[in-house]
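Asks: Submitted below is the structure of interest, expressed as structure tokens.
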Amino acid sequence: MEMDNFTFGITMLVAGMGGTLATLGLLSLMMAGLGKLFPYKEEGKED
């Protein structure tokens with residue numbers, strides 16, 4: 001079965017957008033995890 005150019009283009013579009021969103025989601029989770037692991041502390045403030 002051979003795909004025409006339109007079907008191939010739509011497939012690549014969906015795969016590219018899905019990969020981009022998955023990567024952004026993974027980076028977001030990584031940054032949230034690192035933010036919880038290493039919380040921000042202000043330098044001049046002592047508790």
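Asks: Please give, to one decimal in nm, the separation of the simple spin-label points placed at Leu26 and Asp4, each 7 Å out from Cα toward the Cβ.
Replies: A separation of 3.5 nm, rounded to one decimal place.
Asks: What do you get for chymotrypsin sites (Phe, Trp or Tyr not before Pro) in the chain restricted to DSSP loop and a cutoff of at most 15 other Cβ within 10 Å of the site's Cβ?
Replies: Tyr40
Asks: Just to confirm, what accessible area per residue do you get for the chain at 1.4 Å probe, in whole Å²?
Replies: 103
Asks: Here's something else I'd like to know. For the chain, which whole percent of the accessible surface, found with a 1.4 angstrom probe, sits on carbon and sulfur atoms?
Replies: The computed percentage sits at 68.
Asks: Pairing the Cα long axis of helix 5-37 with the longest principal axis of the chain, what angle in degrees results, from 0 to 90 and rounded to the nearest 10?
Replies: 10
Asks: Compute the distance in nm between two label points, each set 7 Å from the Cα along the Cα-to-Cβ direction, one at Leu34 and one at Met17.
Replies: Computed distance between label sites Leu34 and Met17 equals 2.9 nm.
The values are calculated or read from the model by the stated rules, or taken from the named source; none is laboratory data. The structure displayed is predicted, hence computed values, not measured ones. Cβ: placed from backbone, ideal geometry, glycine included. Neighbour counts: every protein chain shown. Surface accessibility is based on the protein's heavy atoms, side chains included, excluding ligands, DNA and RNA. Shrake-Rupley method; radii C 1.70, N 1.55, O 1.52, S 1.80 Å.
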